[in-house]
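Just below is one structure, and these are the notes that go with it.
Laboratory data are not the source of any read-out in this text; all were calculated from the coordinates shown. Quantities reported herein were computed from a predicted structural model and do not represent experimental measurements.
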Amino acid sequence: MTVRIPNLPIGKMVEEDGTPTDDEITFRQALVTSLQAYMGNEGLVMPSQTAANILIIQNHKTPNPDTGVYDIYTCEFGTMIYESDTGLVKVAVEDPLGSGIPVFKSITYT
């Protein structure tokens with residue numbers, strides 16, 4: 001399960017008579033459906049990924065706008081995810097060397 005929050009539609013959101021446009025209706029329906037899937041009466045549902053996908057998320061980089069070099073990691077520290085292969089809850093923290101690289105560590109609980 002991946003959390004997908006839709007982007008705001010670009011352009012007109014309501015007609016001249018005040019009714020929502022088709023783009024606005026589609027946006028609202030997608031947003032409400034996403035929120036209902038992840039925030040229910042029972043609590044928040046953590047996104048779930050396989051171990052292989054978690055490594056992809058951890059190592060994903062975007063280009064530095066100043067240099068064009070792909071050296072900016074997109075995974076933020078504190079990102080929590082459920083590893084579906086093992087049933088472990090993982091959180092992204094800074095690597096032990098303090099280099100700014102995210103690594104996912106298992107949360108231990110008893």
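Some observations on this one:
- The range 48-106: relative contact order in percent, alpha carbon pairs under 8 Å with at least 6 residues between: 30
- Taking the chain and dividing mean pair separation by its residue count, relative contact order in percent (alpha carbons under 8 Å, at least six apart): 18
- The range 58-110 and the range 1-39 have Cα centres separated by 29 Å.
- Rounded, prolate or oblate (a/c below 1.5 giving rounded, otherwise prolate when a/b exceeds b/c) for the range 1-45 by Cα gyration tensor: prolate
- A value for volume of the Cα convex hull per residue in Å³ was derived from the coordinates, and within the list (i) 79; (ii) 188; (iii) 152 it appears as (iii).
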